[in-house]
Amino acid sequence: MRMTLRSLPLVLISTLLLTDISYATPPSSVDQRIDFLMGANSHTRYHQFFDSFQRAVTNHDARQVATMLDYPLTAQVAGRDKILLNSQQFLAVYDKIFTPSLREVVRKQRYSDLFANSDGVMIGEHGEIWFSGICHQTSCTRYTIKIIRINGNSR
């Protein structure tokens, strides 16, 4: 027996149509930009990193945030640049870096509104936080996404 759309149950037709539509939907422009800049299909890892970082900052989980930084890291501490060499130094000044206003910037940031260029991906309208892939070898086929700069909140 030959199958046609008419011979398929309505539920199956609906499923097929919805599946076709979802595959036809183009990726978001931030996904395309990240893939172009950071490598094909890298947007998934960047999106996961962003979600994890946002959750850690929103939950005030300083220890989790500390694992997401690339040391040495330059961060704004009480309005001045400070080089932090390790997680212990970071944890000692966490509250001076992640002030309520900077936490609010991170909390309000939407993935779809992130800015990306060859330096990395920016959180906040004024470049408050930057993250990017850190290569493990010259070819950069293996990398870890980390926070590379915290400029603080200039407001």
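Filtering region 128-155 to residues that are touching a strand residue (DSSP E or B) at 6+ places or on another chain (Cβ under 8 Å), among the small types (Gly, Ala, Ser) and farther than 12 Å from residue 46 by Cβ leaves only 152.
Among the residues of region 43-82, those that are in contact with a Gly (Cβ under 9 Å, 6 or more places away or on another chain) and under 27 Å from residue 33 (Cα atoms) comprise 45, 46, 75.
Looking only at region 63-82, count how many residues are outside any strand (DSSP E or B) and farther than 28 Å from residue 31 by Cα. The number of residues fulfilling the criteria is 3.
Considered as a group, the residues in region 91-123 that are in contact (Cβ under 8 Å) with a residue 40 or more places away in the chain and part of a strand (DSSP E or B) include one that is nearest to residue 45 (Cα to Cα), and that residue is 121. Is there a residue in region 83-90 that is open to solvent by less than 40 Å² (accessible area, probe 1.4 Å), without any contact (Cβ under 8 Å) to a residue 24 or more places away in the chain and not in a helix (DSSP H, G or I)? The answer is yes; a qualifying residue exists.
Restricting attention to region 91-115, the residues being of a type in the set (A, V, I, L, M) and exposed (fewer than 13 other Cβ atoms within 10 Å of the Cβ) number 1.
Do we find that residue 147 is in a strand (DSSP E or B), under 20 Å from the mean Cα position of the chain (by Cα) and closer than 14 Å to residue 57 by Cβ in this structure? In short, yes.
Scanning region 116-134 for residues that are surrounded by fewer than 20 Cβ atoms within 10 Å (Cβ to Cβ) and more than 13 Å from residue 147 (Cα to Cα) yields a total of 4. The selection criterion, being modelled with pLDDT under 95, out of contact with any helix residue (DSSP H, G or I) (no Cβ under 7 Å at 6 or more places or on another chain) and under 18 Å from residue 151 (Cβ atoms), holds for residue 80. Sub-8 Å Cβ pairs linking a first residue in region 63-77 that is basic (Lys, Arg) to a second residue that is open to solvent by 50 Å² or more (accessible area, probe 1.4 Å) and outside any strand (DSSP E or B), at least 6 apart or interchain, are 63/91, ordered by first then second residue.
Residues of region 36-59 that are open to solvent by less than 40 Å² (accessible area, probe 1.4 Å), at pLDDT 90 or above and either within 15 Å of residue 143 (Cβ to Cβ) or not polar (S, T, N, Q) (or both): 43, 46, 49, 50, 53, 56, 57.
In region 65-82, what residues are over 17 Å from residue 134 (Cα atoms), open to solvent by 60 Å² or more (accessible area, probe 1.4 Å) and of a type outside the set (Asp, Glu)? Matches in region 65-82: 78, 79, 80, 82.
The values are calculated or read from the model by the stated rules, or taken from the named source; none is laboratory data. The model shown is predicted, which means the values in this text are computed figures rather than measured ones. All Cβ positions, even for glycine, are placed from backbone atoms using ideal geometry, and neighbour counts span all protein chains on display. Note: areas computed on protein heavy atoms with side chains; ligands, DNA, RNA excluded. Shrake-Rupley method; radii C 1.70, N 1.55, O 1.52, S 1.80 Å.
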